[in-house]
Structures are given as C-alpha cells and as structure tokens.
Amino acid sequence: MAMYGKIEHACHYAPENIVDNYDLSKIMDTSDGWIRTRTGIVKRHISTSENTSDLATKVARKLLLETNTSSDEIDFIIVATMTPDFMSPSTACLVGGNIGAGKAFAFDINGACAGFIFALAVGEKLIRSGYKAGLVIGSEVLSKTLNWEDRSTAVLFGDGAGGVLLKASDTPHIICEKLQSDGTRGSSIVALEEKVKNPFANNKEENNHFLTMNGKEVFDFATRDVPKNMIEVLDLAGVGIDQIDYILLHQANLRIIDRISRKIKADREKFLINIDEYGNTSAATIPILLSENIANKTLKIGDGSKLLLTGFGGGLNWGSIYLIL
Ligand code: ACO
C-alpha cells in the first residue's frame, strides 16, 4: 500500500533571553517606533549560550516525549538551518547523537528562510519511499551572524527552533509543493562567507562573516515572486485561495504579510502571525507558528483543515506546500 507523510505533532523552543525593541535602542541608534511600524517586531529571543543544535535537540526531545515515540523509531532527521554549529558534523547528526536515534540517518538543508519548506518536502518524499518516521526541524541562532552595529539587519532577526514528527499514513496529507531558487539574485542576502585561504592561495581579502541584506531587493522579491508561487501551488492542487483555512507565511516583516494578503486576495485573518514575539527566525518561523497554533488549539491535527505554508529568503529560495492537516 502506498504510504504518505503525515505531520503527527509540532513543537518549538526559543532561548529564554528576550530582547525587546527598547533594549536594542540602548545599544544602537534605533527606536521601538521605527521597528514596530516598519516590521511589526516587538521583541525577539536571543541565545546567550545555546547553539543551533541545542535548540533543535530541545525540539526533538519534546516531539518524542509528547508523542510517546522512542528515538529508535526515528528513521531520519533533517534540520533546516543557515546557522549550523559546524559545517561538519551536521546539526542533524548532533541532534541524532543527543537523542540517541541510533538507526536514523541525518543531514542538514540550507534553504535559508525557505529551509523548512524544502526540508518538509524532502521528508515527505522519504516517507513515500518507505521510511516510517522522521524528524524535520528548522533551527537557527541567527544572532551569531549579526553585526550588532548594523541597525538595518540586527533589529530584524531572532533565535529559535521548531519542528515536526512525520509518520507514515495511508492517506495523503502533504498534497503538493512548488519549490524555487534563483542563484542570480543570491547577493541580496549573504552570510558567513568563507573565502579560499591556504598557504598556496594569494587571497588577502578578509571574510565577511556577518549577515548583510539589501532590504529593498528582498522586499520586492517577497512581494512579487512569492505571491505567484503561492497561487501556483494551489493551482497544482486544484484548490482556490478561498478554500484555504490558514496561511503560515514566513515571518520576515508584517508589511510583507499585508502586501501578500492583498496580492493573493486572501482574508488577512487567515494569516497566522507571531513576528511580534520572535522576529525573523529564518528556517524556524513556520514550524514555530505551526507548533504555537497547535498548542493554542487554533490548529488541530487530523481535523482536515487546509493549510498553505510558504517560506522565502536567502539563496534566493522560496516555496510553498499545500497540506491537509
Ligand atoms: N532603526 C531606525 N532607523 C533605521 C533602522 C533602524 N533599525 N534601519 C534603517 N533605518 C533607517 C535607514 O537608515 C533609512 O534612513 P534614511 O532615510 O535617513 O536613509 C530609513 O530608516 C529607511 O530605511 P529603509 O531601508 O528604506 O527602510 P524600509 O522601510 O525599506 O525597511 C526593511 C527596511 C525592514 C529591512 C525592509 O526593507 C524589509 O523588511 N525588507 C525585507 C526583509 C526580509 O524579508 N528578509 C527576509 C529574508 S532574510 C533571510 O533569508 C535570512
């Protein structure tokens, strides 16, 4: 019998340390008014010690505990992140070691703010190919990539993680996806540069480890390419926007969410929002939204509600998944 990936549960975790806009205004030339009106962000969680694998491990442990699943049942672990602890071992391998998932294979996906959407699409394909259970987690400690003297980026991002337990089901839930990338526009968001440096290379240039972003380019991309992608995935599924119950759009900027809701002619109330609490946590925004709204009972797994999940960001990468909960 054909099997399909089903989201069994979602959990999230964010570092305890909360930094609000007033805190930032003490260390850089910014204000609560500017940040709120331009972005909708009120505060963000900023790690003081935990790294990306620590946040992801907390999510993985919660997922296992709250679903009464043993780590031995997990076949694969995928972590979407653009801020791994190391390039090797991968964040996903660290998580697998921490939770004792002895039989799981594990790998990271770097799709920046679209990373969780890419990872969920891949995880669903793994279940369709015969694996029974997997963890798909988006985890980021973006604070380690930020230039805290650059007010144009430092105020936008936060740290956090969220993820789902995917299990095999005999009915389709994750119905279709539309994933896209455009490397020709990659310079719009750049982070953690690693130039070739070795005794044989004649390279005197320094690496720029900080995240840099052309905000206007990204804003234009988000409000032009992303709404098209959202409509295209619904067309693939043969579903109209009016039939969608909730939209989980990457939390980058409230003005982007407002603009996209008008472009796709979707009721603004359908967009789940938590950017005020977390800022932009890149690959973690969508699973954190999912987890919070399952916890507060807005979303109920198994009730058949129709969701549109959309991520966009560095790469450039963007993509949507249409799923039935
Ligand atoms: N506080 C106070 N003033 C500021 C701040 C700040 N934190 N940041 C910039 N300003 C100033 C600028 O210097 C500028 O001043 P000037 O007019 O004297 O030159 C003024 O505010 C306006 O700056 P803009 O950059 O034009 O502001 P804008 O309204 O475009 O908002 C923003 C900037 C919020 C970054 C917006 O362009 C945006 O949201 N872009 C998209 C970001 C995004 O979606 N990122 C997601 C992907 S990230 C990823 O993939 C990792």
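Each reported figure results from applying straightforward, stated rules to the coordinates on display, with no laboratory input. Everything numeric in this text was worked out from a predicted model, so none of it was measured. Note: ideal-geometry Cβ built from the backbone for every residue, glycine included; neighbour counts use all protein chains shown.
Return the long-range amide H neighbours of LEU146 (sequence gap of 5 or more, or a different chain), with a cut-off of under 5 Å between placed amide H atoms. Hits under the 5 Å cutoff: LEU211. Applying both filters, DSSP loop and at most 12 other Cβ atoms within 10 Å, to the GluC sites (Glu not before Pro) of the range 125-188 gives GLU149.
Using θ = phi - 60° in the Karplus curve 6.51 cos²θ - 1.76 cosθ + 1.60, the 3J(HN,Hα) couplings for the range 205-212 round to 6, 7, 6, 9, 6, 6, 6, 10 Hz; x is entered for Gly and Pro. On the principal axes of its alpha carbon atoms, the range 243-325 extends 34, 26, 22 Å, with the longest extent given first. In the chain, the calculated helix contribution to ellipticity at 222 nm averages -9500 deg cm²/dmol per residue, counting -39,500 (n - 2.57) for every DSSP H run with n ≥ 4.
Excluding same-chain neighbours fewer than eight residues apart, the lysines reachable from LYS132 by a Cα-Cα span under 20 Å are LYS6, LYS62, LYS103, LYS167. Once each of the chymotrypsin sites (Phe, Trp or Tyr not before Pro) sitting in a DSSP loop with at most 14 other beta-carbon atoms within 10 Å is removed, the chain keeps 201-325 as its longest stretch. Under 5 Å from the amide H of HIS173 lie the amide H atoms of GLY5, each residue being 5 or more positions distant or on a separate chain, with H modelled from the backbone and absent for Pro and chain starts.
Its residue count N fixes a reference of 2.2 N^0.38 Å for the range 1-148, and the Cα radius of gyration divided by that reference is 1.18. The value of relative contact order for the range 154-300, using C-alpha pairs under 8 Å at least six residues apart, is 33 percent. Between LYS300 and SER187, the modelled labels are 5.3 nm apart [label points 7 Å from Cα along Cα→Cβ].
In the range 136-218, the alpha-carbon atoms span a convex hull of 191 Å³ per residue. Take ARG255, project a point 7 Å from its Cα along the Cβ direction, then tell me which residues of the range 144-174 have their backbone nitrogen under 20 Å from it. Those under the cut-off are 150-158.
A full extension of the chain between TRP34 and MET1 corresponds to an added length of 6.3 nm, given 0.36 nm per residue minus the alpha carbon distance.
For the range 74-179, which trypsin sites (Lys or Arg not before Pro) are both in a DSSP coil and crowded by at most 15 other Cβ atoms within 10 Å? Could the numbers behind the result be given before it?
On the way: sites: LYS103, LYS125, ARG128, LYS132, LYS144, ARG151, LYS167, LYS178; in loops: LYS103, LYS132.
In loop regions of the range 74-179 (DSSP not H, G, I, E or B), the sparsely surrounded trypsin sites (Lys or Arg not before Pro) are LYS103, LYS132.
Among ILE174, ILE18, ILE27, which one shows the highest mean-square fluctuation when the chain is modelled as a Gaussian network with alpha-carbon springs under 10 Å? Ranking ILE174, ILE18, ILE27 by mean-square fluctuation puts ILE27 first. Hydrodynamic analysis of the chain uses the Kirkwood radius over alpha carbon pairs. Inserted into Stokes-Einstein at 37 °C and 0.692 mPa s, it gives a translational diffusion coefficient of 166 µm²/s.
Listed values for the range 301-309 are Karplus-derived 3J(HN,Hα) couplings in whole Hz (6.51 cos²θ - 1.76 cosθ + 1.60, θ = phi - 60°), namely 4, x, 8, x, 5, 9, 10, 10, 10, and x replaces Gly and Pro. Once R0 is set to 51 Å, what does the formula 1/(1 + (r/R0)^6) return for the Cβ-Cβ distance between PHE86 and LYS265, expressed as a FRET efficiency to the nearest 0.05? Efficiency computed from Cβ-Cβ geometry: 0.70. Checking every one of the GluC sites (Glu not before Pro) in the range 4-83 against DSSP loop status and a limit of 10 other Cβ atoms within 10 Å picks out GLU16.
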